[in-house]
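Just so you know, all these numbers are worked out from the coordinates, no wet-lab data involved. Fair warning: this is a prediction, and the values are worked out from it, not measured in the lab.
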Amino acid sequence: MTLDEKLKVYSDSQTIPKIDEECVKKTILASKAALYQSELESPLSGIDFLFHQIRYIRKRWWIAQALVLLALWIFLFISGSGVAMQRSMGIMAPVFVILLLPELWKNQSNASMEVEAASYFSIRKIYAARMTLFAIADLLMLSLFFAVSIVTLKLTVGEMIIQFFLPMNVTCCICFRNLCSNREESGYTAFLMSLVWIAVWMMIVLQERIYRRITAPIWAGVIILSFVYLIYSVCKVWKNCEKYWEVNHSWN
């Protein structure tokens with residue numbers, strides 16, 4: 001007797017229980033109702049929800065960001081101002097943002113499409129909480145870095161804004177704009193575009209003829225434009241996050 005014949009005889013001899021689809025549907029509906037009722041009886045406040053989300057964020061990237069700022073401060077303290085300051089800030093500011101890419105694109109690296117789509121809390125709430133936590137942590141680190149640098153290194157606020165804040169803000173625009181994309185390789189694209197931006201920024205600040213022609217109103221306009229575009233990109237991510245590839249409901 002061949003293997004196929006043995007399998008056929010075995011399957012014919014088994015008793016397959018009948019499944020009542022209506023009973024299965026009722027069980028699923030009852031389970032959903034029980035879950036929702038349980039959540040309604042003990043709702044989470046906004047602060048509690050943020051604290052819960054902190055547990056799912058890998059802290060090593062925040063530690064890496066803090067080390068980048070510390071390394072930058074040490075380098076500025078040793079080398080002083082001038083071209084060295086422009087070059088170091090122009091490189092380290094985008095790196096400070098790039099370190100968040102692994103956490104922002106954790107959905108892609110962990111292939112968590114079905115988990116996110118089946119979660120109790122909406123994806124918009126999760127994205128909003130995650131971006132809020134990133135913003136709070138980075139704001140605290142940057143505020144401390146700016147205060148210490150201005151006091152100990154005698155840097156002006158204008159220098160800090162132009163040499164650090166502007167390249168960092170543009171890098172944020174690049175990252176969040178790519179996060180709006182539904183392409184699977186968007187994380188790698190954001191990384192490569194950030195490297196290109198670092199090269200472009202280096203060309204601008206190290207070319208004296210170009211750098212000296214940029215007046216204060218131009219710097220102010222570019223900073224405001226980057227800030228407005230960053231707000232637009234963040235809002236777009238939050239608004240359309242449920243349509244991205246990692247939360248595609250076509251599997252359901």
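Summary of values
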| item | result |
| --- | --- |
| Gain on full stretching of the segment that runs from residue 24 to residue 228 - 0.36 nm per residue minus C-alpha separation | 68.3 nm |
| Potential extension, residue 136-residue 218 segment - 0.36 nm per residue separation minus Cα distance | 26.6 nm |
| 31 Å Cα-Cα threshold exceeded, pairs from 32/59; 59/239; 32/106; 26/125 | 32/59 |
| Contour minus Cα-Cα distance for residue 144 and residue 32 (0.36 nm per residue) | 35.7 nm |
